[in-house]
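The values are calculated or read from the model by the stated rules, or taken from the named source; none is laboratory data. A quick note: this is a predicted structure, and the numbers were derived from the prediction, not measured. Every residue, glycine among them, receives a Cβ derived from its backbone with ideal geometry; neighbour counts consider all protein chains shown.
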Amino acid sequence: MKKNRTRRPVRKAQSGPRRSAPTTRFDPSWGPLSPRARLWEVVLAHGFEGVIEMLEADREALCGPKRRWQLERTAYRYGHDDGRLVLGGRTVKVRRPRVRGVNGGEIELPTWRQFAERDPLDERALEQILAGVSTRKYGRSLEALPEGLEAGMTSSSSVSRRFIAATQRRVEAFLSRPLDALDLPVILLDGTGFGGDHVLVTALGIDNSGHKHVLGVVEGTTESEEVCRSLLRDLIDRGLKVERARLFVIDGGKGLRKAIRTVFGAWALVHRCHVHKLRNLADHLPKHRRAWVRAAIRKAWKLTSVKEARQKLIHLANQLDHDHPGAAGSIREGLEETLTLIQLGVTGALHRTLCSTNPIENLIGNVKVVARNVKRWRGGKMAVRWAVTGLIEAGKRFRRIRGYRDMLQLVAALDAIVGAKGVDTNQKVA
């Protein structure tokens, strides 16, 4: 007996072309159009084709259509030569179309002149180094190039030369800016070690609306009066007004104070940084007495009367005379200059801003971050170049100071105090 076998249904043929397994549309031998190619490489390859077309268009505009007779020809094709164009912080080798005039001499193509300009190359090197990239790793920080393009100008020495040239131009322009358009009732001065054995004295101005302005930098071996005076004289030569009441905030350096008195005379009021004063005082005290003395001094500085604050500080110094004469002398030294803000009636947020040199010290800290990769300093010129470069970058992120709404009250108080001294408006700079 035969078994019944179930027949499998016959699948009907589908109309249309038969589907096949998906295959790649790109041939690996196509270079930038390979399956593993990145968008940057594809765009770059096609972009170079466009550049070559633009160069050929320039040549045709000068020489006329190819293989056509011209009666009044002014130039003719002269083959190709190897040249370099600027691309993404480097140069790349490109076949350059050449054109010669009928009277001799090569004619440069306008498109080639534009793309071979070195300014973008210097700007990219400056940007990379300020971002923290060392000259040795500069080439690795750039985008990868497709195969077939030969990169140049990425060596450590080449990048260093471009950085020096770019920053030197910025330094010269920055240190020669006119200051006559600025009205600066407050100036902060601070000297700090930078670049090995060099000392840089920096000036930071604050205008009536609370905006900060980096005014200048001078280099020296010490924070002496002569070095500080040269900075102030430079600011005056560039237009800084002398005959106006002004507050100077300093860290207590004798050279700074003496230079201010010599150059600005009675027009200047000096405020001594409270933070530096407390640090100096702590060096003369044992650890178990530092907190008590600091609290007493801060309490005196919070008073609104100069007379009461002075009495509190003198009383504290008398208490410390027997056991800690060094601390007592530190309190008495520059005592009046620590009370300048009380004399001006500055309180609140503006007092917290101007009671110390923190605004300018934070600025200098940012400068040292920019120069953190420098391992070998070669002279004061290099230190100034790096310092000014860092100051320019830091200045791009400046905001108004805390308490800027009280600046007009500070200006009025300055004018009142200086006017009460009977300052002669015809007084000349020393």
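Values for this structure:
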| quantity | calculated |
| --- | --- |
| Selection from the range 124-170 of residues that are over 23 Å from the mean Cα position of the chain (by Cα), over 10 Å from Arg90 (Cβ atoms) and aliphatic (A, V, I, L, M) | Ala144 |
| Meets criteria (touching a helix residue (DSSP H, G or I) at 6+ places or on another chain (Cβ under 8 Å) and assigned by TED's automatic domain parsing to the domain that holds Gly47) for Glu123 | yes |
| Which listed residue, of Leu256, Leu215, Leu189, Leu269, is part of a strand (DSSP E or B), over 24 Å from the mean Cα position of the chain (by Cα), assigned by TED's automatic domain parsing to the domain that holds Ala327 and in contact (Cβ under 8 Å) with a residue 12 or more places away in the chain | Leu269 |
| Listing of helices (runs of 4 or more DSSP H) fully contained in the range 109-150 that carry 3 or more residues being more than 23 Å from Asp58 (Cα to Cα) | 119-130, 138-141 |
| Single unsatisfied condition, Gly88 versus (1) small (Gly, Ala, Ser); (2) in contact with a Leu (Cβ under 8 Å, 6 or more places away or on another chain); (3) over 30 Å from Ala61 (Cα atoms) | (3) |
| Looking only at the range 70-83, and only at residues there that are small (Gly, Ala, Ser) and surrounded by 11 or more Cβ atoms within 10 Å (Cβ to Cβ), the one that is nearest to Asn103 (Cα to Cα) | Ala75 |
| Pick from the range 183-218, criterion acidic (Asp, Glu) and surrounded by fewer than 21 Cβ atoms within 10 Å (Cβ to Cβ), ranking: modelled with the highest pLDDT | Asp207 |
| Leading residue by the ranking (modelled with the lowest pLDDT) among those in the range 144-182 that are in contact with a Lys or Arg (Cβ under 8 Å, 6 or more places away or on another chain) and among the β-branched types (Val, Ile, Thr) | Thr154 |
| Test for Thr304: is it polar (S, T, N, Q) and in contact with a Leu (Cβ under 6 Å, 6 or more places away or on another chain) | no |
| Residue in the range 369-380 that is surrounded by 20 or more Cβ atoms within 10 Å (Cβ to Cβ), of a type in the set (A, V, I, L, M, F, W, C) and either touching a Cys at 6+ places or on another chain (Cβ under 7 Å) or at pLDDT 90 or above (or both) present | no |
| Hits in the range 84-97 - residues which are in a strand (DSSP E or B) and surrounded by fewer than 17 Cβ atoms within 10 Å (Cβ to Cβ) | Lys93, Arg95 |
| Options Arg310, Arg298: the member that is within 22 Å of His351 (Cα to Cα), crowded, with 16+ Cβ neighbours inside 10 Å and either in the same structural domain as Asn280 (by TED's automatic domain parsing) or in contact with a Cys (Cβ under 6 Å, 6 or more places away or on another chain) (or both) | Arg310 |
| Condition met for Gly329 (over 23 Å from Glu361 (Cβ atoms) and either surrounded by 15 or more Cβ atoms within 10 Å (Cβ to Cβ) or not assigned by TED's automatic domain parsing to the domain that holds Asp237 (or both)) | no |
| Qualifying residue in the range 58-68 (condition: closer than 26 Å to Gly152 by Cβ, surrounded by 11 or more Cβ atoms within 10 Å (Cβ to Cβ) and modelled with pLDDT of 80 or more) | yes |
| Set Arg233, Arg244: member being under 25 Å from Ser176 (Cβ atoms), of a type in the set (D, E, K, R), in the same structural domain as Gly334 (by TED's automatic domain parsing) and assigned to a helix (DSSP H, G or I) | Arg233 |
| Odd one out for Arg68 among (1) part of a loop (DSSP other than H, G, I, E, B); (2) without any contact (Cβ under 8 Å) to a residue 40 or more places away in the chain; (3) of a type outside the set (S, T, N, Q); (4) within 30 Å of Asn366 (Cα to Cα) | (4) |
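Condition check ((1) of a type in the set (Phe, Trp, Tyr); (2) within 24 Å of Ala413 (Cβ to Cβ); (3) surrounded by 13 or more Cβ atoms within 10 Å (Cβ to Cβ); (4) at pLDDT 95 or above) across all residues:
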position	(1), (2), (3), (4)
Gly265	no, yes, yes, no
Ala268	no, yes, yes, no
His271	no, yes, yes, yes
Ala282	no, no, yes, no
Pro286	no, no, no, no
Lys302	no, yes, no, no
Gln319	no, no, yes, no
His322	no, no, no, no
